[in-house]
Structures are given as C-alpha cells and as structure tokens.
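Where a number appears in this text, it was derived from the coordinates with a stated rule and is not lab data. Computed from a prediction, not measured in an experiment: that's the story for all the values here. For neighbour counting, all protein chains shown are included, and Cβ atoms are generated from backbone atoms with ideal geometry for every residue, glycine included.
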Amino acid sequence: MTEGLAAEIREALAAARRGETEDLGSFARYADEPNGWRVLDPDGNVVDSGGQTVTEASADAG
Amino acid sequence: MAAIDQALVSILLNGLTPTGAAGIPGTAIGTPVGTTAMKLRLNTTLSTASAFGTEIVNGTGYAAGGFTSLGQSTASSSGSAVGVPLTTQSATATSAWSIASFDLTGNAAQRGFWGPFNAQPIAVGIGNTFQITGGSGAAAGIQISLT
C-alpha cells in the first residue's frame, strides 16, 4: 500500500468517526414511498416528493 | 375519508336503489361528468365534499380548469381502484404555487372525485415543475376507490 493511499484511508476513517457522511439529499427521505407527486428544479433534480394519494368514498353500512 | 362529490353520491345511490316511481331504480346514472375527456384540477386550498378548492393560477403546462390529456386509465374490475393519470402530468410554476388538493372533473368542470395531496401543502417555487406520476393501475399517482 502506498503512503498516499494509506493517508486517504486514515482520513476516511477519521471522517466516519466524526459522523461525516455524504449528503444523500432530500430525495432519499422519500425513497420508500410509492410515487405520487414530485417537484423538480429547473435542472430536473427532485427537490420534493410525496406518496400516492388514495381517495376512498366508502359506503357506510353502520 | 369521503372523496366524492355529494351530488355524485346521490346520483349513484339513486341510480342503484329503488328510489324511482313504484320502486324502479331512481335517477338514471347517465353521464353526470359528460362524455368528453376529463381534467385534473389543482387547488391551493382543500376541496370539500361539496365544493372545489381554489384553483392555482396558470403556469407553463397548466391552464384554468386543469390538466388535460390524462390518458385512458385502466378500468376497474372486481371493485379495484382506478389509477389516475395514465400519463405523467407536468406543470412549471411561473408564480409560486402552494398545492393542497385536486378535483377530478368532467371536461366542463363537472365535479367527480376530489382529494388532498399526500403531505400537502406542496410548495412549488417559480421555475420549478410539479408532476403527478402517471401509470397503469396501481402505478398511477392518484388511486380512486369506493371501498
């Protein structure tokens, strides 16, 4: 292993210990929701999104 | 949550029960939302069971009355939900939008189903694009059912 690579690994480990992780952005928050709607910025990046809207108009026999 | 206009509720109930003269089915269901392509209207306030929400102002890809060209949704069978729209709908805000609800209407603004968007109100800044996911059946962004 080169000294340069070793230094990079040490730096990465130190960053991980400090809790520094790559910013996953807002889209990751909604990754598990079914697609319903989304808002895109002018570059086409998803800046917000939400799950499906389900409407139910039940006949209430109670 | 009820999500169908009350006038349409009465049309459906009367058409499927013996509320007509001498016990015949009542008012024929007919075509209460017309026979031409339906629209999907976006509102900045919540719709209710008896009234539209306040429609958003026009943007690029959205004109008063709602999205058109929704596409032909997969028909319900055995009571399954209908997904709307088939084709993804997109509109870009030319003034800031706060989107709360939708109304699914006939071409001449006859109200049918309505509903609040998941996680509303949705902020759409100037230049940003709001989309409703299109798809067949369960893949569509809005699912409409009676059960």
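Relative to one another, the C-alpha centroids of the range B:95-137 and the range B:9-50 are positioned 22 Å apart. Note on B:Asn14 and B:Thr88: the extension gain reaches 23.2 nm, defined as 0.36 nm multiplied by sequence separation minus the Cα-Cα distance.
Over the Cα atoms of the range B:1-117, the radius of gyration divided by the Kirkwood radius equals 1.03; this is the Rg/Rh ratio. Between B:Asn43, B:Asn58, B:Asn118, the Gaussian network model of chain B with springs among Cα atoms under 10 angstrom shows the greatest mean-square fluctuation at B:Asn118.
Entry note, chain B: the mean residue ellipticity at 222 nm calculated from DSSP H runs of n ≥ 4, each adding -39500 (n - 2.57), is -2000 deg cm²/dmol after division by the residues and rounding to the nearest 500.
Residues of the range B:56-85 falling in the label zone of B:Thr44, defined by backbone nitrogen less than 16 Å from a point 7 Å along Cα to beta-carbon, are B:56-60, B:62-66.
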